[in-house]
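The values are calculated or read from the model by the stated rules, or taken from the named source; none is laboratory data. In this text, all values refer to a predicted model and were calculated from it rather than measured experimentally. A quick note on method: Cβ atoms are made from the backbone with ideal geometry, for glycine too, and the neighbour counts reach across all protein chains shown. Keep in mind that these areas ignore ligands, DNA and RNA; they rest on the heavy atoms of the full protein, side chains included. Shrake-Rupley method; radii C 1.70, N 1.55, O 1.52, S 1.80 Å.
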Amino acid sequence: KNGVSLDAILKANPDVNPYTLSAGTQVVVPPSSGTGNGTPTPISATAVPLLLKEPFCAPSLTGGLYCFAVVENNQDYSVQNLTAQFTLTNPETGEQLQAVGSLPLNQLKSKNSLPLFAYFPPPVFASPKVTLALLTALPVSSSSTSVLDVTIQNSKVEIASDGNSATVSASLALKDAASTANHYWVAAVAYDALGNVVGVRQYEKNADLSKGQGADFTLYVYSISNKIDHVDLFGEAKQQAQ
């Protein structure tokens, strides 16, 4: 939007971790090359309206808490940098714990949905009240080509006899055979028989994708609560700077 490269923004913000940005974080955007008066402009992220479903949490084996919530993009454009804050409230004392949830992919396409997920390390409250608030969600320009669409083919899901895990294998390729990419992401989302999210696995790999050439992958997803009924796969790719 400002004609400034990602590298320039990173150099102008050495104390900002780009992987843990949250609402209220100030980011200095330097002038674009050859323009501007040399005065950096502080900006903060804002969130476009999205539909957040009821959050669901389940205890981990170590005493922590895994939390999921499905977010639906009901806008006519894709969104990126999507985060939301899970809050656990002690029903007896009012004390709160907070964790930022994120998507397993970089973008959420228009009219699509994906689960946000977060983990609370132990100790956590017994029977806490769980609430969710959207922090950031930025619109993606219709002309943006930073994230490339992919197709997932020949998917095979083998659910363990106890329903607690699943092995997933498939092949991923770019939708546009004329494009090239060298990095891809896959999200495996496990659901129970009632359609509730019970597990998420995020997988990414540096691999060349071009001219319709597919990339085979195998991953494992585990349930945090009920038995796995089925697993859906989502993916995207990008041409990363070397």
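Key figures for this structure:
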quantity	calculated
Length added when fully stretched, Q240-A207, from 0.36 nm per residue minus Cα-Cα	10.8 nm
Probe 1.4 Å, protein heavy atoms only - accessible area per residue of the chain in square angstrom	57 Å²
Length added when fully stretched, S110-S141, from 0.36 nm per residue minus Cα-Cα	10.0 nm
Label-reachable residues, the range 147-162, where backbone N falls under 16 Å from a point 7 Å from V27's Cα toward its Cβ	147
Calculated P(r) tail over 15 Å for the range 65-146, as whole % of Cα pairs	58 percent
Solvent-accessible area, 1.4 Å probe, carbon plus sulfur percent, for the range 59-144	51 percent
Distance (nanometres) between label positions extended 7 Å along Cα→Cβ at D15 and S171	5.1 nm
Value of [θ]222 nm, deg cm²/dmol, for the chain, DSSP H segments ≥ 4, -39500 (n - 2.57) each, nearest 500	-500 deg cm²/dmol
The range 149-242 - percent of accessible surface contributed by carbon and sulfur, probe 1.4 Å	41 percent
Inverse mean reciprocal Cα-Cα distance (Kirkwood Rh) of the chain, Å	19.7 Å
Student exercise, the chain dipole from Lys, Arg, Asp, Glu Cβ charges, in Debye to nearest 20	360 debye
All Cα pairs of the range 126-208, percent lying beyond 16 Å	70 percent
Within a Gaussian network of the chain (alpha carbon springs, distance under 10 Å), most fluctuating of A133, A178, A187	A178
